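Reading through the C-alpha coordinates given below for one structure.
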Amino acid sequence: MRCSDLVRIFTADGVEVQALQGLTLSVDSGELVAIVGASGSGKSTLLGILSGLDKPTAGSVTVAGRDLLALSSRERVDYRRRTVGFVWQQTSRNLLGYLTARENLALAMSLARTPDRERRSADLLELLEVAHCADRTPSEMSGGEQQRVAIAVGLANEPRVLLADEPTGELDEATSAEVLEAMRGVNRELGVTTLIVTHDPTVSDHVARTVQIRDGRTATEVLRRTGVTAEGDEHMVAEEYAVLDRVGRLQLPQEYLTSLGMRERVRLALESDHVGVWPHVQQTQEEAADDER
Ligand SMILES: Nc1ncnc2c1ncn2[C@@H]1O[C@H](COP(=O)(O)OP(=O)(O)OP(=O)(O)O)[C@@H](O)[C@H]1O
Ligand SMILES: [Mg+2]
(Lines give C-alpha, C1' and ligand atoms only; values in the text may rest on other atoms or scores of the structure.)
(Ligands and ions follow the chains in the order given, each with its own letter.)
Protein backbone atom coordinates (compact mmCIF):
# COMPACT_ATOMS: atom_id res chain seq x y z
CA MET A 1 0.00 0.00 0.00
CA ARG A 2 1.34 3.39 -0.95
CA CYS A 3 -0.52 6.49 0.21
CA SER A 4 1.02 9.75 -0.77
CA ASP A 5 -0.13 13.20 0.38
CA LEU A 6 -3.70 11.99 0.88
CA VAL A 7 -6.21 14.74 1.50
CA ARG A 8 -9.88 14.11 2.30
CA ILE A 9 -12.16 17.06 2.88
CA PHE A 10 -15.76 16.51 3.98
CA THR A 11 -18.30 19.27 3.63
CA ALA A 12 -21.23 19.14 6.02
CA ASP A 13 -23.69 22.05 6.22
CA GLY A 14 -21.23 24.28 4.38
CA VAL A 15 -18.47 23.60 6.93
CA GLU A 16 -15.29 21.94 5.68
CA VAL A 17 -13.62 19.24 7.74
CA GLN A 18 -10.12 18.19 6.69
CA ALA A 19 -10.15 14.57 7.83
CA LEU A 20 -6.84 13.78 6.09
CA GLN A 21 -4.29 16.54 5.61
CA GLY A 22 -1.52 15.12 3.44
CA LEU A 23 -1.14 11.64 4.86
CA THR A 24 1.76 9.54 3.64
CA LEU A 25 2.08 5.85 4.50
CA SER A 26 3.79 2.85 2.94
CA VAL A 27 3.06 -0.71 3.99
CA ASP A 28 4.98 -3.56 2.40
CA SER A 29 3.44 -6.78 1.20
CA GLY A 30 2.93 -9.18 4.11
CA GLU A 31 3.33 -6.56 6.84
CA LEU A 32 1.11 -6.35 9.94
CA VAL A 33 0.61 -2.74 11.03
CA ALA A 34 -1.47 -1.15 13.77
CA ILE A 35 -2.87 2.37 13.29
CA VAL A 36 -3.53 4.29 16.48
CA GLY A 37 -4.66 7.87 17.11
CA ALA A 38 -7.17 10.01 18.95
CA SER A 39 -10.84 10.02 18.04
CA GLY A 40 -11.36 12.12 14.91
CA SER A 41 -7.74 11.87 13.76
CA GLY A 42 -8.73 10.30 10.43
CA LYS A 43 -8.22 6.56 10.96
CA SER A 44 -11.59 5.40 9.61
CA THR A 45 -11.35 7.90 6.76
CA LEU A 46 -8.04 6.30 5.74
CA LEU A 47 -9.52 2.79 5.92
CA GLY A 48 -12.56 3.90 3.94
CA ILE A 49 -10.26 5.04 1.13
CA LEU A 50 -8.09 1.90 1.25
CA SER A 51 -11.19 -0.29 1.13
CA GLY A 52 -12.40 1.40 -2.06
CA LEU A 53 -15.58 2.74 -0.39
CA ASP A 54 -14.45 6.36 -0.42
CA LYS A 55 -12.18 8.49 -2.65
CA PRO A 56 -9.62 11.06 -1.51
CA THR A 57 -10.00 14.73 -2.41
CA ALA A 58 -6.33 14.81 -3.48
CA GLY A 59 -3.21 12.67 -3.35
CA SER A 60 -2.49 9.19 -4.63
CA VAL A 61 -3.15 5.71 -3.33
CA THR A 62 -2.01 2.38 -4.73
CA VAL A 63 -2.93 -1.00 -3.24
CA ALA A 64 -1.57 -4.29 -4.59
CA GLY A 65 -0.43 -2.51 -7.73
CA ARG A 66 -3.83 -0.89 -8.40
CA ASP A 67 -4.22 2.86 -8.55
CA LEU A 68 -7.46 3.36 -6.60
CA LEU A 69 -8.18 6.71 -8.26
CA ALA A 70 -8.10 5.17 -11.74
CA LEU A 71 -10.55 2.28 -11.14
CA SER A 72 -13.74 2.15 -13.20
CA SER A 73 -16.87 1.44 -11.14
CA ARG A 74 -16.79 -2.19 -12.27
CA GLU A 75 -13.11 -2.56 -11.29
CA ARG A 76 -13.93 -0.95 -7.96
CA VAL A 77 -16.55 -3.62 -7.20
CA ASP A 78 -14.05 -6.31 -8.16
CA TYR A 79 -11.36 -4.65 -5.99
CA ARG A 80 -13.70 -4.64 -2.99
CA ARG A 81 -14.68 -8.27 -3.49
CA ARG A 82 -11.29 -9.82 -4.19
CA THR A 83 -8.39 -7.55 -3.30
CA VAL A 84 -9.43 -6.32 0.15
CA GLY A 85 -11.18 -7.95 3.08
CA PHE A 86 -12.80 -5.88 5.81
CA VAL A 87 -13.64 -6.34 9.49
CA TRP A 88 -15.69 -3.66 11.26
CA GLN A 89 -15.92 -2.74 14.92
CA GLN A 90 -19.64 -3.55 15.25
CA THR A 91 -19.86 -7.32 15.38
CA SER A 92 -23.36 -7.05 13.89
CA ARG A 93 -22.08 -5.26 10.77
CA ASN A 94 -19.72 -8.07 9.77
CA LEU A 95 -22.06 -11.04 9.50
CA LEU A 96 -25.62 -11.53 8.33
CA GLY A 97 -27.59 -12.41 11.43
CA TYR A 98 -29.91 -14.98 9.85
CA LEU A 99 -27.07 -17.02 8.27
CA THR A 100 -24.69 -19.45 9.97
CA ALA A 101 -20.91 -18.93 9.87
CA ARG A 102 -20.63 -21.42 7.01
CA GLU A 103 -23.44 -19.70 5.07
CA ASN A 104 -21.90 -16.24 5.62
CA LEU A 105 -18.65 -17.56 4.15
CA ALA A 106 -20.43 -19.28 1.26
CA LEU A 107 -22.26 -16.07 0.38
CA ALA A 108 -19.07 -13.97 0.30
CA MET A 109 -17.38 -16.59 -1.90
CA SER A 110 -20.28 -17.03 -4.31
CA LEU A 111 -20.43 -13.25 -4.92
CA ALA A 112 -16.77 -13.34 -6.00
CA ARG A 113 -17.08 -16.77 -7.69
CA THR A 114 -14.25 -18.15 -5.59
CA PRO A 115 -13.77 -21.87 -6.35
CA ASP A 116 -13.52 -24.73 -3.86
CA ARG A 117 -15.87 -23.01 -1.40
CA GLU A 118 -16.66 -25.88 0.96
CA ARG A 119 -13.06 -26.77 1.65
CA ARG A 120 -11.90 -23.18 1.87
CA SER A 121 -14.67 -22.36 4.31
CA ALA A 122 -13.77 -25.32 6.57
CA ASP A 123 -10.06 -24.44 6.41
CA LEU A 124 -10.64 -20.80 7.37
CA LEU A 125 -12.92 -21.64 10.29
CA GLU A 126 -10.30 -24.13 11.45
CA LEU A 127 -7.46 -21.60 11.09
CA LEU A 128 -9.39 -19.09 13.22
CA GLU A 129 -10.29 -21.76 15.76
CA VAL A 130 -14.05 -21.35 15.29
CA ALA A 131 -14.82 -24.63 13.50
CA HIS A 132 -17.31 -25.37 16.29
CA CYS A 133 -19.33 -22.29 15.19
CA ALA A 134 -19.78 -23.43 11.56
CA ASP A 135 -23.48 -24.14 11.94
CA ARG A 136 -24.34 -21.38 14.39
CA THR A 137 -25.81 -17.99 13.62
CA PRO A 138 -24.07 -14.91 15.12
CA SER A 139 -26.52 -14.69 18.03
CA GLU A 140 -25.35 -18.17 19.10
CA MET A 141 -21.68 -17.07 19.26
CA SER A 142 -19.69 -14.96 21.73
CA GLY A 143 -18.40 -11.53 20.61
CA GLY A 144 -14.88 -12.90 20.14
CA GLU A 145 -16.18 -15.86 18.11
CA GLN A 146 -18.22 -13.51 15.92
CA GLN A 147 -15.14 -11.40 15.23
CA ARG A 148 -13.04 -14.47 14.41
CA VAL A 149 -15.75 -15.67 12.00
CA ALA A 150 -15.79 -12.12 10.57
CA ILE A 151 -12.04 -12.36 9.94
CA ALA A 152 -12.65 -15.68 8.15
CA VAL A 153 -15.30 -13.98 5.97
CA GLY A 154 -12.88 -11.09 5.33
CA LEU A 155 -10.35 -13.65 4.09
CA ALA A 156 -12.83 -15.75 2.11
CA ASN A 157 -11.83 -14.50 -1.33
CA GLU A 158 -8.07 -14.65 -0.75
CA PRO A 159 -7.60 -10.89 -0.50
CA ARG A 160 -4.11 -9.40 -0.69
CA VAL A 161 -5.03 -6.96 2.08
CA LEU A 162 -7.09 -7.31 5.27
CA LEU A 163 -8.37 -4.05 6.81
CA ALA A 164 -9.87 -3.97 10.29
CA ASP A 165 -11.42 -0.89 11.88
CA GLU A 166 -11.49 -1.33 15.67
CA PRO A 167 -12.14 -5.07 15.44
CA THR A 168 -11.83 -5.36 19.23
CA GLY A 169 -13.78 -2.22 20.12
CA GLU A 170 -16.73 -4.13 21.57
CA LEU A 171 -14.69 -6.83 23.31
CA ASP A 172 -13.19 -7.15 26.80
CA GLU A 173 -9.44 -7.21 27.31
CA ALA A 174 -8.88 -10.96 27.25
CA THR A 175 -11.09 -11.51 24.18
CA SER A 176 -9.40 -8.55 22.41
CA ALA A 177 -6.03 -10.18 22.93
CA GLU A 178 -7.37 -13.42 21.38
CA VAL A 179 -8.74 -11.62 18.34
CA LEU A 180 -5.49 -9.65 17.84
CA GLU A 181 -3.54 -12.90 18.13
CA ALA A 182 -5.87 -14.48 15.55
CA MET A 183 -5.12 -11.59 13.17
CA ARG A 184 -1.41 -12.00 13.74
CA GLY A 185 -1.82 -15.73 13.06
CA VAL A 186 -3.52 -15.24 9.68
CA ASN A 187 -0.99 -12.57 8.75
CA ARG A 188 1.79 -15.06 9.41
CA GLU A 189 0.08 -18.17 7.97
CA LEU A 190 -1.42 -16.63 4.84
CA GLY A 191 0.97 -13.69 4.32
CA VAL A 192 -1.96 -11.30 3.89
CA THR A 193 -0.98 -7.65 4.43
CA THR A 194 -2.93 -6.52 7.50
CA LEU A 195 -3.87 -3.09 8.83
CA ILE A 196 -5.62 -2.84 12.20
CA VAL A 197 -7.08 0.42 13.49
CA THR A 198 -7.44 0.35 17.25
CA HIS A 199 -7.69 2.30 20.46
CA ASP A 200 -6.37 -0.72 22.32
CA PRO A 201 -3.14 0.40 24.02
CA THR A 202 -1.93 -3.21 24.29
CA VAL A 203 -1.90 -3.62 20.50
CA SER A 204 1.84 -2.96 20.40
CA ASP A 205 2.28 -6.28 22.24
CA HIS A 206 0.93 -8.02 19.15
CA VAL A 207 2.43 -6.14 16.20
CA ALA A 208 5.93 -5.10 15.18
CA ARG A 209 4.90 -1.74 13.73
CA THR A 210 2.51 0.85 15.19
CA VAL A 211 1.76 4.03 13.22
CA GLN A 212 0.25 6.98 15.00
CA ILE A 213 -2.06 9.35 13.11
CA ARG A 214 -2.48 12.88 14.40
CA ASP A 215 -4.68 15.51 12.73
CA GLY A 216 -4.97 13.58 9.48
CA ARG A 217 -1.25 12.89 9.10
CA THR A 218 1.07 10.08 10.11
CA ALA A 219 3.01 11.45 13.08
CA THR A 220 5.20 8.84 14.74
CA GLU A 221 5.91 5.14 14.37
CA VAL A 222 7.03 2.61 16.94
CA LEU A 223 8.98 -0.35 15.61
CA ARG A 224 9.56 -3.37 17.83
CA ARG A 225 12.24 -5.94 17.22
CA THR A 226 13.99 -8.63 19.19
CA GLY A 227 17.36 -7.47 20.46
CA VAL A 228 20.12 -9.59 21.97
CA THR A 229 22.09 -8.43 25.02
CA ALA A 230 25.85 -8.85 25.42
CA GLU A 231 25.07 -11.96 27.50
CA GLY A 232 23.05 -13.42 24.61
CA ASP A 233 19.61 -12.91 26.19
CA GLU A 234 16.73 -11.98 23.89
CA HIS A 235 14.54 -9.00 24.75
CA MET A 236 12.10 -6.72 22.96
CA VAL A 237 13.32 -3.31 21.86
CA ALA A 238 10.76 -0.63 20.99
CA GLU A 239 12.06 2.38 19.08
CA GLU A 240 10.10 5.51 18.27
CA TYR A 241 10.45 7.10 14.84
CA ALA A 242 9.08 10.28 13.33
CA VAL A 243 7.65 9.95 9.83
CA LEU A 244 9.53 11.97 7.23
CA ASP A 245 7.46 12.95 4.21
CA ARG A 246 8.61 13.43 0.62
CA VAL A 247 9.60 17.06 1.09
CA GLY A 248 11.32 16.54 4.44
CA ARG A 249 8.60 17.54 6.91
CA LEU A 250 8.45 15.73 10.22
CA GLN A 251 6.42 16.16 13.37
CA LEU A 252 8.10 16.14 16.80
CA PRO A 253 6.14 14.40 19.55
CA GLN A 254 4.15 16.84 21.70
CA GLU A 255 5.88 15.74 24.91
CA TYR A 256 9.31 16.60 23.43
CA LEU A 257 8.09 20.08 22.51
CA THR A 258 6.64 20.69 25.96
CA SER A 259 9.59 19.39 27.91
CA LEU A 260 12.08 21.60 26.05
CA GLY A 261 9.70 24.53 25.58
CA MET A 262 10.03 24.35 21.78
CA ARG A 263 7.65 26.48 19.74
CA GLU A 264 7.47 28.45 16.51
CA ARG A 265 11.07 27.81 15.52
CA VAL A 266 13.92 25.52 16.48
CA ARG A 267 17.63 25.68 15.72
CA LEU A 268 18.88 22.92 13.40
CA ALA A 269 22.39 21.64 12.83
CA LEU A 270 23.56 18.96 10.43
CA GLU A 271 26.09 16.65 12.05
CA SER A 272 27.96 13.83 10.33
CA ASP A 273 25.40 11.16 11.31
CA HIS A 274 22.40 13.01 12.76
CA VAL A 275 20.53 16.29 12.86
CA GLY A 276 20.49 18.31 16.08
CA VAL A 277 17.35 20.24 17.08
CA TRP A 278 17.47 22.88 19.84
CA PRO A 279 14.89 25.25 21.27
CA HIS A 280 15.23 28.84 20.08
CA VAL A 281 16.72 30.19 23.31
CA GLN A 282 16.51 33.94 22.67
CA GLN A 283 12.77 33.76 22.17
CA THR A 284 12.16 31.72 25.29
CA GLN A 285 14.18 34.25 27.38
CA GLU A 286 12.06 37.09 26.09
CA GLU A 287 8.97 35.10 26.94
CA ALA A 288 10.32 34.41 30.41
CA ALA A 289 10.77 38.17 30.87
CA ASP A 290 7.22 38.67 29.59
CA ASP A 291 5.94 36.12 32.04
CA GLU A 292 7.68 37.90 34.97
CA ARG A 293 6.09 41.23 34.02
N1 LIG B 1 -18.97 11.65 6.16
C2 LIG B 1 -18.44 12.65 6.88
N3 LIG B 1 -18.92 13.91 6.80
C4 LIG B 1 -18.38 14.93 7.49
N5 LIG B 1 -17.33 14.80 8.33
C6 LIG B 1 -16.79 13.57 8.47
C7 LIG B 1 -17.32 12.42 7.76
N8 LIG B 1 -16.59 11.33 8.10
C9 LIG B 1 -15.66 11.76 8.98
N10 LIG B 1 -15.77 13.09 9.21
C11 LIG B 1 -14.90 13.92 10.08
O12 LIG B 1 -13.56 13.66 9.73
C13 LIG B 1 -12.72 13.58 10.87
C14 LIG B 1 -12.03 12.22 10.92
O15 LIG B 1 -13.00 11.22 11.14
P16 LIG B 1 -12.64 9.66 11.25
O17 LIG B 1 -13.92 8.93 11.32
O18 LIG B 1 -11.70 9.29 10.17
O19 LIG B 1 -11.88 9.61 12.67
P20 LIG B 1 -11.33 8.35 13.49
O21 LIG B 1 -9.86 8.57 13.68
O22 LIG B 1 -11.76 7.08 12.84
O23 LIG B 1 -12.07 8.54 14.89
P24 LIG B 1 -12.64 7.41 15.92
O25 LIG B 1 -11.44 6.92 16.68
O26 LIG B 1 -13.57 8.19 16.80
O27 LIG B 1 -13.33 6.33 15.14
C28 LIG B 1 -13.64 13.85 12.07
O29 LIG B 1 -13.51 15.21 12.40
C30 LIG B 1 -15.02 13.53 11.53
O31 LIG B 1 -15.99 14.31 12.19
MG1 LIG C 1 -13.09 5.51 13.40
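Just a few scattered comments:
- Inside region 158-183, residues that are more than 16 Å from ligand 2 (Cβ to nearest atom), touching a helix residue (DSSP H, G or I) at 6+ places or on another chain (Cβ under 7 Å) and of a type in the set (D, E, K, R) make up a count of 2.
- Contact map, region 27-55: residues that are free of Cβ contacts under 8 Å to residues at least 24 places away in the same chain paired with residues that are surrounded by fewer than 21 Cβ atoms within 10 Å (Cβ to Cβ), Cβ distance under 7 Å, separation 6+ or inter-chain. Pairs shown: GLY48/ASP54; LYS55/LEU69.
- Criterion: within 16 Å of ligand 2 (Cβ to nearest atom), in contact (Cβ under 8 Å) with a residue 40 or more places away in the chain and under 20 Å from the mean Cα position of the chain (by Cα) - qualifying residue of VAL186, VAL211: VAL211
- Subset of region 84-107 [farther than 14 Å from ARG148 by Cβ, in contact with a strand residue (DSSP E or B) (Cβ under 9 Å, 6 or more places away or on another chain) and of a type in the set (A, V, I, L, M)]: VAL84
- Residue within region 130-138 that is over 23 Å from the mean Cα position of the chain (by Cα), surrounded by fewer than 22 Cβ atoms within 10 Å (Cβ to Cβ), under 12 Å from THR91 (Cβ atoms) and of a type in the set (Ser, Thr, Tyr) present: no
- Residue check, ASP78 of a type outside the set (Val, Ile, Thr), within 14 Å of ligand 1 (Cβ to nearest atom) and out of contact with any strand residue (DSSP E or B) (no Cβ under 6 Å at 6 or more places or on another chain): no
- Candidate set from region 26-53 (those that are within 14 Å of ligand 1 (Cβ to nearest atom) and in a strand (DSSP E or B)); member that is farthest from the chain's Cα centre (by Cα): VAL36
- The single residue among VAL77, VAL63 that is modelled with pLDDT of 95 or more and either more than 16 Å from ligand 2 (Cβ to nearest atom) or not hydrophobic (A, V, I, L, M, F, W, C) (or both) turns out to be VAL63.
- Top-ranked residue of region 56-102 - restricted to ones that are basic (Lys, Arg) and in contact (Cβ under 8 Å) with a residue 12 or more places away in the chain, ranked as surrounded by the fewest Cβ atoms within 10 Å (Cβ to Cβ): ARG76
- Scanning region 191-208 for residues that are more than 16 Å from ligand 1 (Cβ to nearest atom), assigned to a helix (DSSP H, G or I) and touching a residue at least 40 places away in the same chain (Cβ under 8 Å) yields one hit, SER204.
The values are calculated or read from the model by the stated rules, or taken from the named source; none is laboratory data. In this text the structure is predicted, and so the values were computed from the model without any measurement. Reconstructed Cβ throughout: ideal geometry from the backbone, glycine too, with neighbour counts over all protein chains shown.
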